[in-house]
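Data block below; observations after.
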Amino acid sequence: MIDATDRQIIESLQGGLPLVAAPYARVAADLGLTEATLLDRLAALKARGVIRRIAAAPNHYKLGMTSNGMTVWDVQDDLITELGAHIGALPFVTHCYERPRALPDWPYNLFAMVHGSTPDEVEDKRGQIAAILASACRGSDILYSTRILKKTGLRLKQKG
């Protein structure tokens, strides 16, 4: 459960942070809170699992990265946590996660999103990941983006 103040905080942030030098201070002021109170409440919401994170969702196309691919890997189960952390820490991987396989059609259990200005650049990055996974990887593929999907986070239903 969230209280009325937490609801106001979430509603004020679900459209994104204001593009100002001190965005949390602005949100706090708009809600009649101190910045410290806002940050404490956000930390508590995160600790309780109500929110997972507050993060930027860039438009990669506007940044010149017009070739974008979700690399998918069939990695040994006993090594996926260690290798996934290593892949996720690469500077060119924007997100990396483990998902269950959907056998027999989908053998992949590790996903890593990479972006580049050309398909060759993305393939080079895919090759770097393959070199790290080495013999722990039994197969891979890449799914290239064809359009930008709407990127939104948590949305609360309006009361009433």
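Filter the trypsin sites (Lys or Arg not before Pro) in the stretch 63-133 down to the DSSP loop ones having no more than 15 other Cβ atoms within 10 Å, then list what survives.
Sites meeting the loop and neighbour criteria: ARG101.
Where Lys and Arg each count +1 and Asp and Glu each count -1, what net charge lies around MET70 among other residues with Cβ under 13 Å from its Cβ?
Taking every Cβ under 13 Å from that of MET70, the sum is +2.
Hey, what's the Kirkwood Rh for the stretch 82-125 if you take every pair of different alpha carbons, in angstrom?
Across the stretch 82-125, the inverse of the average 1/r is 11.5 Å.
Quick note: the coordinates plus some simple rules give every number you see, no bench work behind them. Every value quoted in this text rests on a predicted model; they were computed, and no experiment measured them. Note that we place each Cβ from the backbone using ideal geometry, even for glycine, and neighbour counts take in every protein chain shown.
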